[in-house]
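Asks: The following block contains the structure, expressed as C-alpha cells.
Taken together, the values in this text are just the output of simple stated rules run on the coordinates, not laboratory data. On a predicted model such as this, the values are computed, not experimentally measured, just so you know. Backbone-built Cβ (ideal geometry, glycine too); neighbour counts: all protein chains shown.
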Amino acid sequence: MPYIEAKLSIKLDENQKNELHAKLAQAVSSAFSKPTAYIMTNIEDEKSLYMGGAKVEKGAYIAVRALGSVAKPSCQNATKEICATLANDYGLNGSNIYVTYHPVDMWGWNGSMF
C-alpha cells in the first residue's frame, strides 16, 4: 500500500525509471515489511528543485505515504537505502536529497477501504 513519489532534478531514460522504481520499492518494502506487489511509485524527472534560493542540479525529493503509523527506525532504514541508491547509482548529492514520510489513516483500493 505504500505510495512513493520521487521528484528528481536529473533526466532518466525509461530503463533508469524502471530500475529506480524497483530500488525504491525494495527500500520501502524492507523498511516497512510491505510486499513490493502493493507499492506504487511515481517518478518525475527533470524537475526544477531549489534549496536555499539556488537551483539544485543533482537532487531529489522523495515522499513516502504509508497506511497507518510509521516508526522512526523504519523511516531511518528506508532513508539510508534511498539516499545511498540515489547517490551511488544516479550521482545525486546526498545533501540535496529530502525524504519525507506521511502516514495515511484511510486508504482505498479496488473499490473498498483497508
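Asks: When log10 I(q)/I(0) by the Debye sum over Cα atoms at q = 0.10, 0.16, 0.19, 0.20 Å⁻¹ is calculated directly from the model, which label among (1) -0.37, -0.77, -0.99, -1.06; (2) -0.50, -0.75, -0.92, -0.99; (3) -0.29, -0.72, -0.97, -1.06 fits?
Replies: For log10 I(q)/I(0) by the Debye sum over Cα atoms at q = 0.10, 0.16, 0.19, 0.20 Å⁻¹, the calculated option is (3).
Asks: What is the distance in Å between the Cα centres of the range 62-114 and the range 1-51?
Replies: 9 Å
Asks: On to the next question. Compute the distribution of all C-alpha to C-alpha distances in the range 40-104, in bins of 10 Å from 0, and list the percent of pairs in each, rounded to whole numbers.
Replies: Binned Cα distances yield the sequence 19, 49, 29, 3.
Asks: What length, rounded to one decimal in nm, is gained on full extension from residue 105 through to residue 89, with 0.36 nm per residue of separation minus their alpha-carbon distance?
Replies: 2.4 nm
Asks: What ³J(HN,Hα) values, in whole Hz, does the Karplus curve 6.51 cos²θ - 1.76 cosθ + 1.60 give for the range 42-49 when θ = phi - 60°, with x put for Gly and Pro?
Replies: 10, 10, 10, 9, 6, 8, 8, 10
Asks: Rounding to the nearest 10 and keeping the result within 0 to 90°, find how far the Cα-based axis of helix 14-32 lies from the longest principal axis of the chain.
Replies: Roughly 50 degrees between the two axes.
Asks: A follow-up question, please. Near the amide H of residue 67, under 5 Å away, which other amide H atoms are found, from residues 5 or more places off or on another chain, if H is placed in the peptide plane?
Replies: Distant-sequence amide H within range of residue 67: 104.
Asks: Same structure, new question: Restricting the count to DSSP beta bridges whose residues both fall in the chain, what percent are antiparallel, rounded to a multiple of 5?
Replies: For the chain, the DSSP antiparallel bridge percentage is about 45.
Asks: Next up: Rounded to the nearest 10 degrees, what's the angle between the helix 72-90 long axis and the longest principal axis of the chain, both from Cα atoms, 0 to 90?
Replies: Rounded to the nearest ten degrees, it is 40.
Asks: What full-extension length gain, to one decimal in nm, is calculated for residue 37 and residue 22 as 0.36 nm per residue of separation minus the Cα-Cα distance?
Replies: Separation in residues times 0.36 nm, less the Cα-Cα distance, equals 4.3 nm.
Asks: Report, in debye and to the nearest 20, how large the dipole of the range 1-78 comes out about its Cα centre when Lys and Arg carry +1 and Asp and Glu carry -1 on their Cβ.
Replies: That gives a dipole near 300 debye.
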